[in-house]
Every structure is written in C-alpha cells, then in structure tokens.
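What follows is a set of notes on a single structure, which appears directly below.
The values are calculated or read from the model by the stated rules, or taken from the named source; none is laboratory data. Since we're looking at a predicted model, the values are computed, not measured. No Cβ is skipped: glycine too gets one built from the backbone with ideal geometry, and neighbour counts run over all protein chains shown. Accessible surface areas use protein heavy atoms only, side chains included; no ligands, DNA or RNA. Shrake-Rupley method; radii C 1.70, N 1.55, O 1.52, S 1.80 Å.
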Amino acid sequence: MAIHVEGLLAIVIFYVIILFVGIWAAWKNKNSGVGEGKDQSESIMVGGRDIGLFVGAFTMTATWVGGGYINGTAEYVYLPGYGLAWAQAPFGYALSLVVGGLFFAKPMRSRGYVTMLDPFQQIYGKRMGGLLFIPALMGEIFWSAAILSALGATLSVIVDININMSVMISALIAIFYTLVGGLYSVVYTDVVQLFCIFVGLWISVPFALANPAVSDIGITAVKKVFQTPWLGTIHPSDGWMWADNFFLLVLGGIPWQVYFQRVLSASSAAYAQLLSFLAAFGCLFMAAPSVLIGAIGASTDWNQTSYGPVPPIERDESDMILPIVLQHLCPPFISFFGLGAVSAAVMSSTDSSILSASSMFARNIYQLAFRQSASDREIVWVMRITIFVFGAMATALALLTGTVYGLWYLSSDLVYVIIFPQLISVLFIKGTNTYGSVAGYVFGLLLRIGGGEPYLKIPPFIYYPGWYEEEKMHHLKKDVEHIVVQRFPFKTVAMLASFLSNIIFSCVARYLFESGVLSHKYDFLDAVVSKHSKEIMDKTTLVGNENIILSEMAPVKTKIGSTLEGTFMNTDALCDEGETSPDLNNEHK
C-alpha cells in the first residue's frame, strides 16, 4: 500500500498539537485543587471542582461526540431501509443530557461525590458497589476499543497506513497525556478536539455536495434515485423496537462515569446543570455534518467515483461511509481535514473513558473496598497504573477482536438495564437496600441476556412477543446468517423489572427483619438491621464536606410516613437545602 505523505503529515501535526495541549494543561493546573484539605487523587479525578462554563460545555459535548457518534450517525442515515428516522443518537443523547441536567446533576454535584459509584457504596455497601462496577467498566473499556477500532479502519481508508500502527499510536498519545494531567489534560484537549471536529467535517460537506456524482439530497430525501430515500421510515410493526432503542439512548446515556465526571468537576451544582443543557445543544449541532455526509452517501452514483461501481452497502462497508465520502468525493487536502476530525473525535472519547474507568477502580474498588487507609500518593499511583492497564486493554480489544461493536452494544445495554434503575433508586427512592439491589441486578441481567445479542451471536433463550427470524446476507462472504429479531421492547421491560424488583425486594427484606419474622442474625448483608456496620461506607469516607446532608445514613425507622411522597420519594435530592458545595458559596468571591 502506498502511504499518502500529505495525510500522514497532517495526522502527525494534529497529534503533536494534542500532545502539547495535554502537557500544557497538566503543567498549568498541576497545583489546582490540591491543598485546602483536598487530595491530589481527587484533583486528578474531578479537577479542583473549578471547571468553568466555556471549557465545561466543550468537554461535556466532546464526551458524547466521539468516533462512534459521528460515524454511526452517518451510517444510519446512509443505510437503505433505515435513514434519518433511525439515526437516533443525536436526538437521544441530546435528550439524555437534558434529563441528566434536570434530575441527576444537582443531587450528585451538591453532595460532593467523587465518582458515580459513591452513592451506591454509601447505601448498598462495598460489595454491591463492586458488582455495579463491572457493567460500568465494561461500558467504558468496550466503548474505547470500539472507537479505536473505527479510527484504525478510517485511517486505513484515507491514508493507507497500517491499522494496528495507527490504533496503537493514537491510544498511546491519549494514555500519555491522561497519565500526565488527569482530568485537566482531558478537558483542555477536548476543547481543541471539538474545534477540529467542527472545522474538519463542516469544511468537507460543501466539497462533497459539489461533486458531480452526487444528486440533489433534497430530491433523494423523499424519492428513490440510487436507493431508498435517506429520510427513512418507521413501519408500525417496528414502532416498539424503535422506542426501545430510543429510551436506551435517552435514559441509558445518563449512568456513565464519563458524564458524571464532568458534572462532579463543575464549579457548582447550578453550573453542572447548565453544562448539561449546553452540551445537549452542542451534540445536536455537531451531528449535522454527519447527517449530511450520510445523505450524500445515499445520493451518490458510485460508478462515477474512484470507489467503483459497487456501492458501499454491497461491500459490507456501510459503517465506513463517512471516511469513504471524504476519500472519494472530496479533494485530497480536504479529506485530510476530515480525517483530523475523525481522529479528534476518537481521542476525545478514548481519554475520557480510560480516565473514568481508572477513577472508579482506584476510588471505589481499591480505596473504599480494600484499603480505606491508603495514602493519597498510593491512590494516585493506582490511578496511573490502571490508566495504562485499561488503555492497553482497550487497545488490545481493538486490535484482536472483530466483535468490538457487539461487545459495546451489549455493555451499553447492561448500563441501561442494570445501573440506571439502581441510580434512580439510590438517589430518589427511600428505603431501598442491598437485598433489593441484588435482586434488581439479577432480574435485569437475565431478562437482557435472555433476549440474545446478534452482534455477538448469542442466541436468545427468551423469545419475546413479536419475534421473527431474519436472513442477513454477507455480500463479501456470500453466505446468509439467520438472526432472531426481537420487536418487543425487552430492554426497557428489563430495566423496569430491575427497578421494580429493587423496590419490592427491599420492602420485603425490611418488613421481614424489622417485624421480627426473620432474626437479625440472618441479615448477612448488613443492609437493614446493621445499617452502620463496616460493610456500609461511612459518609465521611465518601465525601469531604462535613456539612453535606446525607439523610439516607439515618437509622432505620419503622414509623410509616405521613404522606405517600414522604414514604417512597427521597425529596431531599430535589430540594435546595442539600446544596452545600463549597464552590457554590465561593463562586462570586
């Protein structure tokens, strides 16, 4: 393969800039957040809790606008039979940020947590926190691996360089500046990367539209020219499946450490909410060029291009439609700008995921579960080691397995089905305990895995109403694969079952122990009777601000609440009294 020197030079320049910004951010903020009773490890995880509005909005937007986001949006708009109607990511993730800002950002930030898993360990104990760490870790690692794999394929399409080399170099750069500067390096490089995505994609769109092989996308949106209209349709029989996927994006996009890391690093709870709303607008705006590129791919007569007469869909390359459009419909120097955009998108997501996974492990697994007496220096070194280890794991998955996207789809489903209902319970529902949490975990996992996963060739053992078998043709291999399609919204049903199981089993456990039906000695999880045992994390271990009100740590009371709302809803989470963030009080000084 002939290496495109200009493209390779453009990538080298881009990577040098990113590396310089990451190191500069680490040096500039090396003492930020340290002192005044705060540890260096906490500074690496959430900065000095002083991320401002401008930088915060950029980094929260860049968290979602990754390689999978821009490539996946273009792919679904291009795919015949799907189109814009099925490109749910831009609208789904934007609404996810809005919902997160309205209901979750304030209670998490105002209580001074450091990671997403803190409230789980506070209420359910260290062992349950460890169980919930598994799907959270899977989501972050598989997400990083998937986008690294996409980057390698993109670079091979446009620049003709070795896939393995491009993946390893990209991962090493992201790991290095994350190791050096922690959250500050990730945040400041996100600003540069988001700017590169914006310029790189938008500068490519006019040139692709002007290519003689491209028909008017206004016509192809509603009329069949080379393939079905790219606006797409939703058949009534697929309505429940569409809704299931949409709710997965909206609600399942909330319980991710990459999101809460930005929320918890904001300078106040009010800022955390505002950042979420600004990022929602940013996600929609940044998706526009991907939508246009997908529409351009669906409107192109590929026989008139250097790509050849066989369209990408018939080569099983529809997932690469964005780099294909950049390569074959744009001038070379323009396609390299687009290449920089894809590289920026990938790195902006990879560094965030690696830092998030290492933060949860170092704090919630190593420190709170195993070594509560660990020094700050020890925690910092554990973080640095796990940043490298998790980065290496993501890189190895990207290089060695062909089912990275399948793994990520499954892990993101588990985040939605398992962690989201637990997050609602721990923040807003009074009285849930470890027994209910375990039951919700098990029910959600069984119902989700029972529906199967075609990407990983996992057959279903639960056939939900409306299922059917579909033949999938692999054009290159010339073989047919039979897959089971579940039209029933089983993912959302599994999430609701997990949520209800948590509440029901928690209430049953409380009744059995508090009424004396079961002896207190059988409370082996120390979740009802022995609420203040060593198994439950003490609030001073989890948060450093002694003024923070954590009403969930109050002793168990058998008295029935005077109102239905007071009995079941944790109204403290939505009121202003709990907002005791020191940063909020000092914000205008």
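Note on the range 60-188: Cα-only Rg and Dmax are 18.1, 52 Å.
With contacts taken as Cα pairs under 8 Å and at least 6 residues apart, the range 88-215 reaches a relative contact order of 9 percent. At 1.4 Å probe size, what's the solvent-accessible area of Ile504? Round to the nearest 10 Å². Counting only protein heavy atoms, Ile504 exposes about 100 Å² to solvent. Applying the Karplus relation 6.51 cos²θ - 1.76 cosθ + 1.60 with θ = phi - 60° to the range 349-356 yields 3J(HN,Hα) values of 8, 5, 4, 5, 5, 5, 5, 5 Hz, where x marks Gly and Pro. Relative to the Cα centre, the charge distribution of the range 168-324, modelled as +1 at Lys and Arg Cβ and -1 at Asp and Glu Cβ, gives a dipole magnitude of about 320 debye. Spread over its residues, the convex hull of the C-alpha atoms of the range 279-429 is 180 Å³ per residue. To the nearest 10, the accessible area of Glu75 is 40 Å² with a 1.4 Å probe. For the pair the range 427-462 and the range 299-368, the centres of their Cα atoms are 31 angstrom apart.
Count the net charge of all other residues whose Cβ sits under 11 Å from the Cβ of Ser352, scoring Lys and Arg as +1 and Asp and Glu as -1. Every neighbour counted, the sum reads -2. Given a 1.4 angstrom probe, I'd like the percentage of the accessible area of the range 57-182 that is carbon and sulfur, rounded to a whole number. Carbon with sulfur: 74 percent of the solvent-accessible area. Here Ser237 and Phe370 are evaluated by their C-beta separation; at R0 = 45 Å the FRET efficiency comes out at 0.30. Could you compute the net charge surrounding Ala87? Neighbours are other residues with a C-beta less than 15 Å from the C-beta of Ala87; K and R count +1, D and E count -1. Net charge around Ala87: -3. With the simple model of a label 7 Å out from the Cα in the direction of the Cβ, Leu209 to Lys28 spans 3.5 nm.
The range 442-472: which trypsin sites (Lys or Arg not before Pro) are DSSP loop and have at most 14 other beta-carbon atoms within 10 angstrom?
Within the range 442-472, the qualifying trypsin sites (Lys or Arg not before Pro) (loop, at most 14 other Cβ atoms within 10 Å) are Lys457.
Gyration tensor over the Cα atoms of the range 174-251: the corresponding equivalent ellipsoid has semi-axes (square roots of 5 times the eigenvalues, largest first) of 37, 25, 8 Å. Taking amide H atoms as placed 1.01 Å from N in the peptide plane, the amide H of Ile458 lies under 5 Å from those of Glu453, each 5 or more residues away in sequence or on another chain. Local charge for Leu292 was computed over the other residues whose Cβ lies under 14 Å away, with Lys and Arg +1 and Asp and Glu -1, and equals -2. With a threshold of 32 Å on the Cα-Cα distance, the over-threshold entries among Lys106/Lys126; Lys106/Lys521; Lys224/Lys491 are Lys106/Lys521; Lys224/Lys491.
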